[in-house]
Amino acid sequence: MMGVELFVQVFLDSALLSACVFGTLGWQGRLRNCVLAGNFVICLLSRLTGYSTDPVAYVVVPLDNFVFVLFLLLAVLLLNSVCFDSGEAHIFWGTTMQFALFLLLREVCFVVLGLLDLSVGFWPVYGVRMLSLLLWAALWGTGLLRWIREQLKEGDTPLCIIIGNSFLILLLAWRVWQADLLRTNLWLPIMATLLALLVLIDGMVLLWDQSRIQFQRRGRLLEQYLPMVEELVESVRAQQHEYNNRMMAISAAVMTTGTLDEAKAKITELTGQISLNPSDRELLKCDSKVLCGMLFGKIMQAQMQHIQLQISIAGSFLHRSLSESDWIDLLGILLDNALEASSDGDTVYLQAEDEVNALLLLVSNPCPPISRTEMTEMFRRGWSTKADQGRGYGLSNVRKMVEQHGGKIIVKNEEKNGQNYLTIGALIS
């Protein structure tokens with residue numbers, strides 16, 4: 001009877017270990033069908049090397065000796081390298097994630113059952129094992145494991161750092177429990193300290209990663225939009241050159257005309273076309289070169305569609321809760337939607353002005369009046385007036401972005417030049 005119970009426990013251990021590796025390394029491999037059998041053999045050998053006769057000692061990890069953990073890791077790493085078609089780094093970090101996930105599921109389930117006063121009999125031996133498998137299935141259903149697997153394939157450095165320190169801290173937590181400190185007053189502060197350390201380190205890594213991503217994204221945006229800024233500068237320089245030529249012509253006309261009326265007529269003729277393009281003048285007010293380049297590109301796009309894009313900028317975009325890349329996304333979505341909903345000869349308006357400690361951004365395009373219900377429905381994920389798949393996420397992303405930064409979405413019907421316009425925007429501090 002004892003042998004049957006041992007095999008059942010080992011089978012549940014190997015099932016979770018296999019599920020964890022499939023979650024982190026995927027299902028592709030030459031010998032993937034041998035993973036469960038290989039893990040069963042490894043877990044059985046690990047269990048047989050133990051000295052304790054108490055089955056609770058093997059609940060978290062299928063061995064009771066901390067020194068043998070290294071051999072367990074090496075055995076599973078070797079099995080994964082044989083069964084999966086991946087690079088060495090991917091196999092290593094995938095195996096580390098496999099054990100970190102295994103430890104996390106087992107420790108969480110053990111602690112939860114202990115808090116529920118289910119720490120004797122069936123529950124610590126079999127309940128923890130079955131509950132950890134159910135918890136793995138729940139994690140798989142959320143898509144988190146698929147995301148981790150994709151990031152591991154790309155060699156995401158911050159994720160590898162998080163996996164490494166999480167594994168070490170969870171392993172240390174198991175060591176604390178294994179040393180029988182669970183039954184003393186020292187266990188709670190030690191576990192609290194370890195978990196706090198885990199959260200602190202992972203939080204610092206995530207903050208650094210976000211900073212790195214924003215820096216890289218800004219670099220890509222500069223590469224994409226700075227050429228447009230240079231084109232705008234060249235356009236302004238050309239207009240300045242034309243302005244200088246006209247001023248020289250005016251000076252010569254004043255010197256050569258015989259009467260005041262002739263001079264006035266000549267000056268009026270020469271100054272008739274001296275003016276900076278209104279859109280260019282507004283773009284020069286923009287305090288972000290990246291946004292300036294993007295808006296200049298949208299003006300060119302509108303011209304190709306025979307649509308006039310009128311821009312009015314009386315506020316600053318920088319030093320707001322949104323980063324430049326977020327402003328690019330928000331403005332790009334609103335302008336693309338407005339231009340797509342407009343026809344030849346229409347005028348689209350973009351207005352940005354300072355409010356009290358905030359920037360009011362509004363984009364307006366011609367549209368029949370819509371109801372409040374329709375305005376609310378527009379920001380539902382997947383909503384679109386087009387039948388194409390993959391559409392309808394732009395305004396949903398705008399709403400999510402604005403709300404995450406404590407802003408307010410603005411949607412309204414308003415009349416411009418005797419025509420109804422749909423205005424969509426945001427108030428962002």
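The values are calculated or read from the model by the stated rules, or taken from the named source; none is laboratory data. Not measured: the values here are computed from a predicted model. We place every Cβ from the backbone using ideal geometry, glycine too, and count neighbours over all the protein chains shown.
In region 36-58, how many residues are surrounded by fewer than 18 Cβ atoms within 10 Å (Cβ to Cβ), within 42 Å of the chain's Cα centre (by Cα) and among the β-branched types (V, I, T)?
2
Given the structure, is G143 touching a residue at least 40 places away in the same chain (Cβ under 8 Å), in the same structural domain as P55 (by TED's automatic domain parsing), loosely packed, with under 15 Cβ neighbours inside 10 Å and at positive phi? Spell out the reasoning first.
Numbers: touching a residue at least 40 places away in the same chain (Cβ under 8 Å): no; in the same structural domain as P55 (by TED's automatic domain parsing): yes; loosely packed, with under 15 Cβ neighbours inside 10 Å: yes; at positive phi: yes.
So G143 fails the test.
Can you name every residue in region 158-194 that is surrounded by 13 or more Cβ atoms within 10 Å (Cβ to Cβ), polar (S, T, N, Q) and at pLDDT below 80?
If the condition is that a residue be surrounded by 13 or more Cβ atoms within 10 Å (Cβ to Cβ), polar (S, T, N, Q) and at pLDDT below 80, then Q178 is the only one that fits.
Condition check: over 26 Å from C34 (Cα atoms) and either in the same structural domain as V8 (by TED's automatic domain parsing) or in contact (Cβ under 8 Å) with a residue 40 or more places away in the chain (or both). Does V120 satisfy that? Break it down stepwise before answering.
Working: over 26 Å from C34 (Cα atoms): yes; either in the same structural domain as V8 (by TED's automatic domain parsing) or in contact (Cβ under 8 Å) with a residue 40 or more places away in the chain (or both): yes.
Considered against the rule, which asks whether it is over 26 Å from C34 (Cα atoms) and either in the same structural domain as V8 (by TED's automatic domain parsing) or in contact (Cβ under 8 Å) with a residue 40 or more places away in the chain (or both), V120 comes out as yes.
Does V290 meet the test of being assigned to a helix (DSSP H, G or I) and either surrounded by 15 or more Cβ atoms within 10 Å (Cβ to Cβ) or not polar (S, T, N, Q) (or both)?
Working: assigned to a helix (DSSP H, G or I): yes; either surrounded by 15 or more Cβ atoms within 10 Å (Cβ to Cβ) or not polar (S, T, N, Q) (or both): yes.
Judged against the criteria, V290 is a match.
I'm told G392 meets every condition in (1) closer than 30 Å to H319 by Cβ; (2) at pLDDT below 85 except one. Can you identify the failing condition by its number?
The one condition G392 does not meet is (1).
Hey, any hits in region 54-64 for a residue that's in the same structural domain as V10 (by TED's automatic domain parsing), of a type in the set (D, E, K, R) and touching a Lys or Arg at 6+ places or on another chain (Cβ under 8 Å)?
Checked against the condition, which is being in the same structural domain as V10 (by TED's automatic domain parsing), of a type in the set (D, E, K, R) and touching a Lys or Arg at 6+ places or on another chain (Cβ under 8 Å), region 54-64 yields no hits at all.
Quick check on region 348-384: of everything there that is among the hydroxyl-bearing types (S, T, Y) and under 17 Å from V398 (Cα atoms), which residue is modelled with the highest pLDDT? It would help to see each step written out before you state the result.
Our first condition is that a residue be among the hydroxyl-bearing types (S, T, Y); within region 348-384, this holds for 349, 364, 371, 373, 376, 384.
Filter once more, keeping what is under 17 Å from V398 (Cα atoms): 364, 376, 384.
Values: S364: 93, T376: 81, S384: 55.
Restricting to residues being among the hydroxyl-bearing types (S, T, Y) and under 17 Å from V398 (Cα atoms), the top hit is S364.
Out of region 60-89, which residues are over 19 Å from L152 (Cα atoms), part of a helix (DSSP H, G or I) and within 37 Å of the chain's Cα centre (by Cα)?
Filtering region 60-89 down to residues over 19 Å from L152 (Cα atoms) leaves 60-72, 74-75.
This time we only want the ones that are part of a helix (DSSP H, G or I), so: 66-72, 74-75.
Correct list: V69, L70, L72, L74, A75.
Give me the residue from region 59-76 that is surrounded by fewer than 19 Cβ atoms within 10 Å (Cβ to Cβ) and among the β-branched types (V, I, T) and, out of that set, farthest from F122 (Cα to Cα).
My answer is V67.
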